[in-house]
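Down below is the structure, laid out as structure tokens.
The values are calculated or read from the model by the stated rules, or taken from the named source; none is laboratory data. None of the values given here were measured: they were computed from a predicted structure. Methodologically, a virtual Cβ is constructed for each residue, glycine included, from the backbone with ideal geometry; neighbour enumeration extends over all protein chains shown. Accessible surface areas use protein heavy atoms only, side chains included; no ligands, DNA or RNA. Shrake-Rupley method; radii C 1.70, N 1.55, O 1.52, S 1.80 Å.
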Amino acid sequence: PDTCVIKIWLTFTLTMAGRYLVPSSSSRFLLRRVLANHASHSNGRGDSRLRPLLSIRRNVNSRPVLLECQDRVFKLGDHVLSRACYMTESVQDRSTVQYEFHQLLDGLSSKAFELNYEKMMESRHELEEKIKNLVEKDIYLQHDDYAFLATLQKLMSQCASLGTKDGAELTEQYLTMILNSNLKMACLTNRDNDEHFRIVTPSKEMYTIAMDAWAKAQSLQRNKKDTVDLLIPARRVKQILDFMWEEYHSRPYCQAVKPDIIHYTTLVQALANASSKKGVQMAQDVLKDLEKISGLSDFIQGKKEMAELDPNLVPDRTVYNTVLYCLSRYFQSRDDIGGRLHSVQYIMGLMKEIMNKMELLAEMLNDKSWMPNTRTYNMLLMACSRRVHGGGREAEKIVEEMLQKCQSHVDDTYCGGLLLEREDLSDLYDNSVLPNTQSYNNIINAWSHDETAHAQERAEYILKALLRRRNQNASEEQDVITSHPLVNTVYPDIVSFNLVINAWARSCQVQAGERAERLLNFMAMTKYSSYHDNKFIPIKEMKVNMEDLGVEPDVISFNSTINAWSKSGHEKAGYRAESLLNRLIDEYENTGKIIPNSISFSTTMQAWSKTSDRACGERTEELFGKLVELYRESGCESLRPTEACYSSLISAYCNQTIITSQTQSFEKAIDSLKRLQDEGGYVPKTSHYNIILTVPSKISGDELSKFDIAVKAKSILFQMPHPDIYSFNNVIKGFQNYKDERIRRESLFCVLDTFNMLCENSICDPNDQTYIQLLKALQSSLIDDSRDRTILCEEIFRKCCESGLLTNAVLKIVETVLPRQSMQRIDACKTSSESAPLTVNNLPPEWSDNCRVVQNRRRNKY
């Protein structure tokens, strides 16, 4: 206040005494405010020597009064200046710091949404230094100075909009900076204590921004075997929420920020985005805690009245829908919690319990805003679409229930639907359960995952029903989901068409490629009239033309159609897939609307790698070269060759080796494996090596070429950094079924070397298939009934029993390679009667203990 008095007194003196000007009414009003503030901070006394200045009026007789007042002003000036002389240097310094601080705020506020991550970091450090200067010099922010908080909120929003881990961490750093700064803000009143300031604390919006930044962070490391990585954002959101509760209970009420329903919704959304099975359980626990804190659980049990509920923490329909969304993504999770997985029926049961609770709350609270809506049922349909058997029928039953409930709502509200208009649809989606496009897309998706017969044909039928004009004379026995009057409000979108194409691709039928391409041509008929096929649906039967529908093929449509050809097993699959790829490239070069990506090329290359064409390797190499050329010309990151492209190239050369039995093709496959690391920058995985190691066992041509390829595969095995048991089994399998005596003898040594390396290797252990392939190799490499063969086979059988890996398949092979005396010694080890058949169950259990463990693990997995 003293600083303000000095400042305005000097201005007032310059105006009146210095220039002999009469002050305006606004100047006198300003002085009155200064005196009032000065008096409030001086125990009501003020300074009476300034009051004569207020008596001056704007008239010609004011000059004597002005001259008389001049003496008083100068006397007052001596007093005030003498009092302020020791403060001058400090006041100037404090004013400079405060001015620079506000200049920085103005600059950051105007450029907040133009900053990148590096500039954001610089701005944070600069702002932190300015705040430290304010705190060190004990400078307060004004009570109405909201520029600081508004600018900080803008910067945090910009950091959160990055959608990355770095942006979320920077947002949290801003929050921590305010909590640790001890920055003060002047108070208007002094009701709670004798101090005239309060510590600046983050607002509720700042906490919300920080939590939302972590919930939307997408660039985190994704590791399928590490659940903690998937839950990092959700755990950080939970830490912020717990800290808010700690601050709320420890700080004074006026400075505390109490968490509300928005913060809990953000936490559940973060758990849903994590795509983790543990996150699903955590979301259910958060919902239970929220119902307990708000008093809702006691209200449902009749222990509390409605007035006792906390209105800011009572979970609403948005919270319940978010939990349902988290449950619906259970089967899309990227982690593995081990043990038995929950079935689709179990997850749907949990979702239906939550929906029943929502209906109960709507009835108890007499508020329909808690009732399940269209989005609620769409979450249930999304979970239902993951059923392998019966998912399509179950999804259709759910939509039938939605139509029945919606029809009753329409009858009560819209006179049976006669007055139903387009603007009323949003009300039906929010307050009722009118099926929308997403609902029918979930049905189509359920049929695409359904392994029952003709599932893909049913998915295509539903798409046609959404396109056709409804027949007014249709019988009531037709499908409700396709013939109901409310279906006329539903129109398919690009997702609907892509899901049907994907359904044909998943069917792996010979006709899949042709049916998928027919649908693709129907989508493109507005641009390629020659592609239109009336066999899909006649134009006169459509309730809307394709131009008004606004559906055109995108890159996903082309990729799914190419994938359908790739999985069809058609003899011309490679040619048809490549023709679609060329059509996509022409579309890109002519219009630039549809940009092909590396998936387009890798899927086409995969189609060639599965054909029986003797030149499949060269055709795949040609496509790979075209991809590299497009990537270099366009610089588009989506055209960068991916790991799948190199895998398809390796598979194509391996397939060509199997067809032609040529060593050159196998060497090109090995060269492609080296290019994966040298050109692509990818570290070869064990699966890439195993593609090559399976080649020798599939060759049925020249024995000498096959043996050379098997020897090269064995050398690759010995050079692998991390071989698995499948690598060893494939190499052993490649040395079987030779007729040449010399090759059979050499194969025996190669098999024994491979098995010895496996036993010495600490990375993996033999399994039952190892002993089966080993016995088969010995059977084909040694002369029948030879003494060496008997000794080796007995030794291998003994190792198999000691490892606890004996199975009935191993016994079946042993019966064909061991002589009768050896089999009699095995029969003597039976634990049951001598007449019982020779099976694993009749032999000592320790011979097959490990095999039973593996079988149990497989059973639990599925």
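What the table shows:
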read-out: Scope the range 561-597; condition touching a helix residue (DSSP H, G or I) at 6+ places or on another chain (Cβ under 6 Å) and either at pLDDT below 90 or farther than 20 Å from Val500 by Cα (or both); matching residues; value: Gly574, Glu578, Ile594, Ile595, Pro596, Asn597
read-out: Failed item in (1) under 32 Å from the mean Cα position of the chain (by Cα); (2) surrounded by 24 or more Cβ atoms within 10 Å (Cβ to Cβ); (3) assigned to a helix (DSSP H, G or I), with Pro553 passing the rest; value: (3)
read-out: Any hit, the range 615-633, residues being in a loop (DSSP other than H, G, I, E, B) and touching a helix residue (DSSP H, G or I) at 6+ places or on another chain (Cβ under 7 Å); value: no
read-out: Residue list for the range 631-653, restricted to those being surrounded by fewer than 21 Cβ atoms within 10 Å (Cβ to Cβ), more than 26 Å from Ile692 (Cβ to Cβ) and hydrophobic (A, V, I, L, M, F, W, C); value: Cys636
read-out: Filter result (in contact (Cβ under 8 Å) with a residue 40 or more places away in the chain and assigned to a helix (DSSP H, G or I)) within the range 727-751; value: Ser727, Phe728, Asn729, Asn730, Ile732, Lys733, Ile743, Ser747, Cys750
read-out: Residue within the range 761-777 that is surrounded by 15 or more Cβ atoms within 10 Å (Cβ to Cβ), at positive phi and either without any contact (Cβ under 8 Å) to a residue 12 or more places away in the chain or not hydroxyl-bearing (Ser, Thr, Tyr) (or both) present; value: no
read-out: Residue among Met211, Met185 that is modelled with pLDDT under 85 and buried (at least 18 other Cβ atoms within 10 Å of the Cβ); value: Met185
read-out: Tabulated pairs, the range 567-588, first aliphatic (A, V, I, L, M) and open to solvent by 10 Å² or more (accessible area, probe 1.4 Å), second part of a loop (DSSP other than H, G, I, E, B) and at pLDDT below 95, C-beta under 9 angstrom, 6+ apart or interchain; value: Ile585/Pro596
read-out: Where Ile709 falls short, out of the listed (1) open to solvent by less than 10 Å² (accessible area, probe 1.4 Å); (2) within 16 Å of Glu578 (Cβ to Cβ); (3) β-branched (Val, Ile, Thr); (4) more than 31 Å from the chain's Cα centre (by Cα); value: (2)
read-out: Selected residue [open to solvent by 10 Å² or more (accessible area, probe 1.4 Å), more than 20 Å from Ala217 (Cα to Cα) and touching a residue at least 40 places away in the same chain (Cβ under 8 Å)] from Arg329, Arg317; value: Arg317
read-out: Members of the range 710-725 found to be closer than 19 Å to Phe666 by Cβ and assigned to a helix (DSSP H, G or I), listed by number; value: Ala710, Val711, Lys712, Ala713, Lys714, Ser715, Ile716, Leu717, Phe718, Gln719
read-out: Matching residues in the range 446-464 - criterion: being part of a helix (DSSP H, G or I) and either among the acidic types (Asp, Glu) or open to solvent by less than 30 Å² (accessible area, probe 1.4 Å) (or both); value: Ala446, Trp447, Ser448, Ala455, Gln456, Glu457, Ala459, Glu460, Ile462, Leu463
read-out: Residue in the range 414-433 that is surrounded by 15 or more Cβ atoms within 10 Å (Cβ to Cβ), at pLDDT 75 or above and not in a helix (DSSP H, G or I) present; value: yes
read-out: Residue match in the range 256-268 (condition: of a type in the set (Lys, Arg) and either in contact with an Asp or Glu (Cβ under 7 Å, 6 or more places away or on another chain) or without any contact (Cβ under 8 Å) to a residue 12 or more places away in the chain (or both)); value: no
read-out: Those residues of the range 385-403 which are touching a Gly at 6+ places or on another chain (Cβ under 8 Å) and either assigned to a helix (DSSP H, G or I) or closer than 12 Å to Val433 by Cα (or both), in sequence order; value: none
read-out: Residue within the range 759-767 that is aliphatic (A, V, I, L, M) and in a helix (DSSP H, G or I) present; value: no
read-out: Selection count, the range 805-827, where residues are open to solvent by 80 Å² or more (accessible area, probe 1.4 Å) and of a type in the set (A, V, I, L, M, F, W, C); value: 0
read-out: Check on Ala524, surrounded by 16 or more Cβ atoms within 10 Å (Cβ to Cβ), small (Gly, Ala, Ser) and at pLDDT 90 or above; value: no
read-out: Subset of the range 772-813 [polar (S, T, N, Q), more than 22 Å from Arg744 (Cβ to Cβ) and not in a helix (DSSP H, G or I)]; value: Ser803, Thr807
read-out: Of all residues making up the range 359-384, the number that are polar (S, T, N, Q), modelled with pLDDT of 90 or more and either assigned to a helix (DSSP H, G or I) or open to solvent by 60 Å² or more (accessible area, probe 1.4 Å) (or both); value: 3
read-out: Residue list for the range 385-398, restricted to those being farther than 15 Å from Leu324 by Cβ and surrounded by fewer than 23 Cβ atoms within 10 Å (Cβ to Cβ); value: Arg387, Val388, His389, Gly390, Arg393, Glu394, Glu396, Lys397
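Quick grid of which residues meet (1) more than 29 Å from the chain's Cα centre (by Cα); (2) of a type outside the set (S, T, N, Q); (3) farther than 30 Å from Ser780 by Cα:
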position: Phe601; (1), (2), (3): no, yes, yes
position: Ser609; (1), (2), (3): yes, no, yes
position: Arg619; (1), (2), (3): yes, yes, yes
position: Ser648; (1), (2), (3): no, no, yes
position: Asn655; (1), (2), (3): yes, no, no
